[in-house]
Structures are given as structure tokens and as C-alpha cells.
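Asker: Got a structure for you, questions after.
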Amino acid sequence: MSDSKSPWWWVPSLYFAEGLPYMAVMTISTIMYKCLGISNTELAFYTAWLYLPWVIKPFWSPFVDILRTKRWWVVAMEWTIGAAMAGIAFALPASGFFQLTLCVFWLMAFASATHDIAADGFYMLGLSEHRQSYFVGIRSLFYRCSMIVGQGGLVVLAALVGKRGGSEVVGWMMVFAILSAFFFLAALYHSSVLPRPAADRDRQPRGAAEVAREFVETFAAFFRKKGILAALLFMLLYRLPEAQLVKMISPFLLDSAEAGGLGLTADQVGLVYGTIGVLGLIVGGIVGGLVAARDGLRHWLHPMAWSMSLTCLTFVYLAAARPAELWQVYACVFVEQLGYGFGFTAYMLYLLYFSAGRFSTAHYSICTGFMALGMMLPGMAAGWIVDTFGYLDFFLWTMGCCVATIGVCYLVKVNPAFGRKEKGAR
């Protein structure tokens, strides 16, 4: 492989660029639509559909491997994402902005999912196994940084520009104009600095019959795995409370007291989730990884599921108590994200465990597709539940859904040695 350029030149920027469009599609869109007057029912239902490209990406991921190079796909998708960001900025002032921007977000979601496939594949081809291990923490860190910028800094910027310009639309136009410029620059930068590993070469198109046979064999092998039914239930239901909660947290924080919310401003929401929230998420993830590496996934599976579940209590408290002090809101958000970061470790480790085997890369992509499906379907109804029954009853409902999170952990079987540090190993 070609290692003429240090990975420090491209790994941080590649994974920062990978995280931003996902945050734009999944989080920024929800906050923006809420600020622009879209109802909870509509924003939850329609933005939940934006998960679909991540659900079905296993069906086109083989073609990213077959056609052109992964380097080409990375750069091409960054140009596409940049154009999509510009399209949203131009569509926001239009009278039918909701429908127009949803269409562009849909395009962006497909481009972002394809960028994920190409970037992760390029990472494995562009680095030796030793360097892959060394930089795995770096890529995760810069992906988290994109979360801070996306759901923190950019949301605060939109609110501040909107206040000074007298129009919230102007603030959100500014945000997406900045994101568009960033991705055009990222595409130019990566076209220059990304290495050209020998393994990432243009592949000669194979016969249609051979491609179809390999495609079918990959999926058939996945569904023949031992314990497939329990695994699918785990992938679909472990995040059932979170799938609904994540769609309604920002609307709850932004809605007025009369509507059952806390009446925070957009910049306050951006600040709490972009700083305190991300800090809790990082700490929870680090602690989860450390204890799982020490004792193994099987040992921590149930405690992590309980951690994932108990975070719902924080929003039951906020909806019932309606605290006036911001520090209580910040503390609850920190606890919720800390518990989620800790509990989510078990989920990702199980996907790695179940994907192991001959088609590990493709099978992991299929697992993440089921993960996205498990987030998409429950999220569609979250807004309707809130608009029909109110925030407090909604958060109590998510507490009831925690039974599914804990229950599916009793169905799956995990090798006790998986993830555990071997004796004498460093």
C-alpha cells in the first residue's frame, strides 16, 4: 500500500466529514423543523423515514466494492453532500420548504450512507492492521467532534443569527451554507491528501451471474447463522425506547410550558447537547469499552441494558417536575447520555460478535441495516404519541418499552471469552 502521507493528514478529516451529514439528517433537521413550526407528529414521522438509506445500504454496499475505487466514492459523495447542503439553504425560504428540504435530506442521506461504506472500507485498505488499531480511537474522537459541532455549535449559531437577523430561516440558511462550503472544501482536500493504496484499485467488472451469486451467498450465509431469530430481535428491540425518545427530546426541550415542554431556546438546547451531552456520551462509551475489554461482553450485557433503560427516568422526571433551574436540565441530559453511551457499547459489541466469519464486513453492514430499521419504525409514531397523550405519558411509555431492551438480552447467546482480555495479554 502507499503510505506516502501520514494518516494524521486524512483520518481525522475523513471521520469528521463522515459524522456531519448524519448529524444534519438525524438531529439538526429535527431541531430546525421544530423551530420553524412543524408539528411533532409530522417531524417525527417524516424524519424517521430518513433512516431508510442506512437500513437498505447493505443492498448497494457490494457495488461500492465492485465499481471504481473507494477513494473515488469518498470524494464523489462529499461533492454530492456539499450540493445537497446548498440545496437545503436555497429551499428554506420557499413556501413549500418542508417538502423540498425533505427531498434534499433524502438525497443527502443516501450520499451519507454511501460515504460511510466507502470511508470505512478505505480506512481498512489505506492502513496496516497495526495502524488501524492505533487510529481507531482517533477516528472515533473526530466523529464525536462532528457531533459537538453539529448538534451544538451549528444549532447555537442558527439561533444567534436568527435573533440578530430577525428571522429563524436566515439562521438555518447560514448553517447549511457553511456546511455546503465545508464539504466542497473537504472534497478538494481529500482528492489531494488521500493516499492511493494498491489494494484500492479499479476492479474489472465481473460477469453479472458471478456478482449475483456472491450477492445471494452473502445474504444466505447471514440468515443461516446460528441464533439468527434471537439476534434479529436483539438488533430491532434493544434500542426500542431510544428510537422513540431521540425524536422527541429536542421538541420537548423547545416546546413551551403550556405545551408540556421546558421552553428552552434553540441555543440553550444546542449548548446542552453539544457540550454536556456529548461529554456524557464519550465518558459512558469509554467506561463501557474498558469494562467490556476487562470482563467480556457476556458479563456486562445485562447491566448495560439496564443502563440503557434507566436513562428514560431522567425525562420522566423533567416532564413531571418541570424544573426552572437550567443546571437540573443539564444534569439530566448528562446522566441520560452517560447511560446511553455505556449501554450502547453492548449493542455495538454484539453486532461485531454476530458478524464474525467469512463475510464479516458485509454481515456487519447487514447488522447496521437492521439497527437503522429498529430506529426508523418506532420513531415514526413518537410524535403522534406526544401530540395525543402529552410528553409525560410519552416518557412513561418509553419506560414501559424498556422491558423489550432487557428482555432480548435473555434471548441471545454470547461466548464468555468474546471481548475479554486474555490472561497475560497486554
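Asker: Tell me the per residue accessible area of the stretch 331-405 using a 1.4 Å probe; a whole number in Å² is fine. Present the calculation step by step, with values, prior to reporting the outcome.
Answerer: Details: 2770 Å² over 75 residues.
Heavy-atom SASA per residue in the stretch 331-405 reads 37 Å².
Asker: Write down the radius of gyration of the stretch 341-416 and its Dmax, each obtained from C-alpha positions, in Å.
Answerer: Spelled out, the Cα radius of gyration and Dmax of the stretch 341-416 are 15.6, 48 Å.
Asker: Next up: Run the 1.4 Å probe and let me know the accessible area of residue 399, rounded to the nearest 10 Å².
Answerer: Here the accessible area works out near 50 Å².
Asker: Let me ask another. Based on the Cβ-Cβ distance from residue 294 to residue 257, what FRET efficiency comes out when R0 is 45 Å, to the nearest 0.05? Before the final figure, lay out each step's value.
Answerer: Values: r = 45 Å, r/R0 = 1.01.
The calculated FRET efficiency here is 0.50.
Asker: Can you sort 325, 18, 258 by 1.4 Å-probe accessible area, starting with the largest? Provide the component values of the computation, followed by the final result.
Answerer: Numbers: 325 85, 18 15, 258 165 Å².
Descending order: 258, 325, 18.
Asker: Continuing with this model, one more query. Would you work out which of 270, 254, 292 lies farthest towards the positive end of the dipole of the stretch 208-327, given +1 charges on the beta-carbon of Lys and Arg and -1 on that of Asp and Glu, about the Cα centre?
Answerer: The listed residue farthest towards the positive side: 292.
Asker: To the nearest 20 debye, what charge dipole does the chain have about its Cα centre, counting +1 at the Cβ of each Lys and Arg and -1 at the Cβ of each Asp and Glu? Show your work: numbers first, answer last.
Answerer: Working: 30 positive and 24 negative charges, 283 e Å.
Here the chain has a charge dipole of around 1360 debye.
Asker: Same structure, new question: Restrict the search to the stretch 76-108; then list the chymotrypsin sites (Phe, Trp or Tyr not before Pro) that DSSP places in a loop and that have at most 15 other Cβ atoms within 10 Å of their Cβ. Mind showing how you got there, number by number?
Answerer: Numbers: sites: 79, 90, 97, 98, 105, 106; in loops: none.
Sparse-neighbourhood loop chymotrypsin sites (Phe, Trp or Tyr not before Pro): none present.
Asker: Under a point spin-label approximation (7 Å from Cα along Cα-to-Cβ), what is the residue 328-residue 107 distance to one decimal in nm?
Answerer: 4.7 nm
Asker: Separate question: Of the heavy-atom accessible surface of the stretch 281-344 (probe 1.4 angstrom), what whole percent is carbon and sulfur? If you can, show how the numbers build up before the last one.
Answerer: Working: 2050 of 2800 Å².
Accessible surface attributable to carbon and sulfur in the stretch 281-344 totals 73 percent.
Asker: Something else: Out of 390, 280, 374, any idea which swings most in a Gaussian network model of the chain, alpha carbons joined below 10 Å?
Answerer: So, out of 390, 280, 374, the one fluctuating most is 390.
Asker: Which of the chymotrypsin sites (Phe, Trp or Tyr not before Pro) across the stretch 13-63 are loop residues per DSSP, with 11 or fewer other Cβ within 10 Å?
Answerer: Numbers: sites: 15, 16, 22, 33, 45, 46, 49, 51, 54, 59, 60, 63; in loops: 60.
For chymotrypsin sites (Phe, Trp or Tyr not before Pro) across the stretch 13-63 that sit outside H, G, I, E and B with at most 11 neighbouring Cβ atoms in 10 Å, the list is empty.
Asker: If I take every Cα pair under 8 Å that is 6 or more residues apart in the chain, average their sequence separation and divide by the length, what percent do I get for the relative contact order?
Answerer: Working: 645 pairs, mean separation 112.2, N = 426.
Computed over the chain, the figure is 26 percent.
Asker: Another question about this same structure. Take the residue pairs 57/225; 70/225; 226/413 and return only those whose Cα atoms are more than 18 Å apart.
Answerer: Values: 57/225 20 Å; 70/225 29 Å; 226/413 10 Å.
Beyond 18 Å between Cα atoms: 57/225; 70/225.
Asker: Residues of the stretch 270-296 with amide nitrogen under 14 Å from the 7 Å Cα-to-Cβ point of residue 163?
Answerer: Correct set: 270-272.
Asker: For a quick check, take a GNM of the chain with Cα springs below 10 Å and name the residue from 230, 158, 94 with the largest mean-square fluctuation.
Answerer: Among 230, 158, 94, the largest mean-square fluctuation in the Gaussian network model of the chain belongs to 94.
Asker: Still on this structure: What does the charge add up to near residue 315, with Lys and Arg as +1, Asp and Glu as -1, over the other residues with Cβ less than 14 Å from its Cβ?
Answerer: Surrounding charge for residue 315 is -2.
Asker: Quick one: pull the percent of accessible area on the stretch 1-114 belonging to carbon and sulfur, 1.4 Å probe, ligands and nucleic acids left out.
Answerer: Details: 2880 of 4080 Å².
It is 71 percent, rounded to a whole number.
The values are calculated or read from the model by the stated rules, or taken from the named source; none is laboratory data. Here the structure is a predicted model, which means the values were calculated and not measured. In this analysis, Cβ positions are derived from the backbone assuming ideal geometry, glycine residues included, and neighbour counts consider all displayed protein chains. Ligands, DNA and RNA are excluded from the accessible area calculation, which covers all protein heavy atoms including side chains. Shrake-Rupley method; radii C 1.70, N 1.55, O 1.52, S 1.80 Å.
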